[in-house]
1. Out of the range 79-114, which trypsin sites (Lys or Arg not before Pro) are coil in DSSP terms and have no more than 15 other C-beta atoms within 10 Å?
2. At 7 Å along Cα-to-Cβ for each site, give me the label-to-label distance between Leu61 and Ala102 in nm.
3. How much length is gained on full extension from Glu45 to Tyr91, taking 0.36 nm per residue of separation minus their Cα-Cα distance?
Amino acid sequence: MRKALMTLALATSAAAGLLSPVAAREAAGVDYARIPDGAYSIIAEVRAKPGREADLRAATLPLVALVRSDPKNLVYFLQEDRAARGHFAFYEVFASQQDFEAHNAMPYVKDWLAKLQALAEGGVEVKRMEILGQGRQ
């Protein structure tokens, strides 16, 4: 019920011109209907070198807007461990592995990866996952 009321309020605000279409979409949450069954997802982790936590955070935060602006990206979250600052986790969803590989070829991703040698312990640990339950049960 609460979710339905929130969705209605957001839709009403968007229709009244109070929210931009992008803000309305983001405020309403992830568009699960866009995520195909079998979508290619990534769970990745990177840890800052001691004393480089703020530097890695500053280098990584711009990725949020850049990746989310990529039309091939379906979901992107950057997270930081509250108990271990400088330990970052990424959750990313793309329709296919090809879309993910195209993402990795973007100049801003290559630039970020190049910075990791100075900022991170051991690079990025990546788990390649598959989205289940998006339509066929």
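1. On the way: sites: Arg82, Arg85, Lys110; in loops: Arg82, Arg85.
Sites meeting the loop and neighbour criteria: Arg82, Arg85.
2. If labels sit at Leu61 and Ala102, their model points lie 3.0 nm apart.
3. On the way: separation 46, 0.36 × 46 = 16.56 nm, distance 0.92 nm.
Extending this stretch completely gives an extra 15.6 nm.
Readers should treat all values here as calculations from the given coordinates under stated rules, not as data from a laboratory. Note that the coordinates shown come from a computational prediction; the quantities given were computed from them, not determined experimentally. Every residue, glycine as well, gets a Cβ built from its backbone with ideal geometry; the counts of neighbours run over all protein chains shown.
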